[in-house]
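*Asks:* There's a structure below that I have some questions on.
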Amino acid sequence: MTDEVERSLIAKFQSGDQSAYGTLLEAHQNRVIHMGLQILRNEESALDVAQEVFMRAYEELPQWRGEARFSTWLYRTALNVCYERIRAEEKQRKIRMHMPEPDLASSPETAVISSEIMVAIDEAVKALPPRQRAIFALKQYNELRFSEIACLLDITEGGAKASYHKALLALRERLKELTPEPVRDAVLFAESEDE
């Protein structure tokens, strides 16, 4: 959706056309859910994040001044809600240290890969600090360029690249500990060049 179309829909919504908000939601909901899923690695949490993001958007749109693209604001809000959720989950994890963590539901794409490998990857991604986890997910799963990630997170492009590189190193190290020896060689995260 172009910036012009977004602005037009926002103006219609601000004038009382509720269907304009529905159009905005439909245009962005899959990407927001996907972003939440890749960062949080849990479908239910990703859906909760999307619901929270679109509730905030609904509340913000009547006062929207259009200083930035709506989609940029929406994705940045999604990242912030993911960070909030990660912090809340970390607090809960400390409380429930002795309870086993539930298995993550497999998507059709991950069904091909053995559950042992997926659990190891999920654990490794969850162990990353929140910012590294977000940058890794945005680059690896959403295929954003470092310049786009930097804009979303309000950091330098060099900072995004450095955090991504640190995330890769941490994941490789963690996967060495979590995976059987034959799997170590099979699971490689290739560093992507920014086009």
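The values are calculated or read from the model by the stated rules, or taken from the named source; none is laboratory data. Since this is a predicted model, take the numbers as computed values, not measurements. Heads up, the Cβs are rebuilt from the backbone with ideal geometry, glycines too, and the neighbour counts pull from every protein chain shown. Protein only, heavy atoms only, side chains kept; ligands, DNA and RNA dropped before computing areas. Shrake-Rupley method; radii C 1.70, N 1.55, O 1.52, S 1.80 Å.
*Asks:* What pairs come up if the first residue lies in the range 1-23 and is within 17 Å of Y75 (Cα to Cα), the second is open to solvent by 30 Å² or more (accessible area, probe 1.4 Å) and modelled with pLDDT under 90, and their beta carbons are under 6 Å apart, counting only those six or more places apart or on different chains?
*Replies:* As it stands, the answer is D3/R69; I10/W64, since those pairs meet every condition given.
*Asks:* Which of the residues spanning the range 38-49 are in contact (Cβ under 8 Å) with a residue 12 or more places away in the chain, in a helix (DSSP H, G or I), open to solvent by 10 Å² or more (accessible area, probe 1.4 Å) and not polar (S, T, N, Q)?
*Replies:* E43, L47, D48
*Asks:* Take the residues in the range 141-182 that are open to solvent by 50 Å² or more (accessible area, probe 1.4 Å), hydroxyl-bearing (S, T, Y) and at pLDDT 85 or above; name whichever of them is farthest from W73 (Cα to Cα).
*Replies:* So, considering only residues that are open to solvent by 50 Å² or more (accessible area, probe 1.4 Å), hydroxyl-bearing (S, T, Y) and at pLDDT 85 or above, the one farthest from W73 (Cα to Cα) is T156.
*Asks:* Here is a check on your reading of the model: is S114 open to solvent by 40 Å² or more (accessible area, probe 1.4 Å), of a type in the set (S, T, N, Q) and modelled with pLDDT of 85 or more? Before you say what the answer is, go through the steps one by one.
*Replies:* Details: open to solvent by 40 Å² or more (accessible area, probe 1.4 Å): yes; of a type in the set (S, T, N, Q): yes; modelled with pLDDT of 85 or more: no.
Against the criterion (open to solvent by 40 Å² or more (accessible area, probe 1.4 Å), of a type in the set (S, T, N, Q) and modelled with pLDDT of 85 or more), S114 does not qualify.
*Asks:* Further, regarding this structure: Give the range 69-99 a look and list any residue that's modelled with pLDDT under 80 and outside any helix (DSSP H, G or I), or say none.
*Replies:* Of everything in the range 69-99, those that are modelled with pLDDT under 80 and outside any helix (DSSP H, G or I) turn out to be R96, M97, H98, M99.
*Asks:* Right, another one. Quickly run through the range 122-149 and pick out the residues that are under 12 Å from S163 (Cβ atoms) and either in a loop (DSSP other than H, G, I, E, B) or of a type in the set (D, E) (or both).
*Replies:* Here is the first cut: in the range 122-149, the ones under 12 Å from S163 (Cβ atoms) are 128-139, 146, 149.
Once the filter is applied, which keeps residues that are under 12 Å from S163 (Cβ atoms) and either in a loop (DSSP other than H, G, I, E, B) or of a type in the set (D, E) (or both), the range 122-149 yields L128, P129.
*Asks:* Another one. Any idea which of (1) without any contact (Cβ under 8 Å) to a residue 24 or more places away in the chain; (2) in a loop (DSSP other than H, G, I, E, B) is the one G66 doesn't satisfy?
*Replies:* (1)
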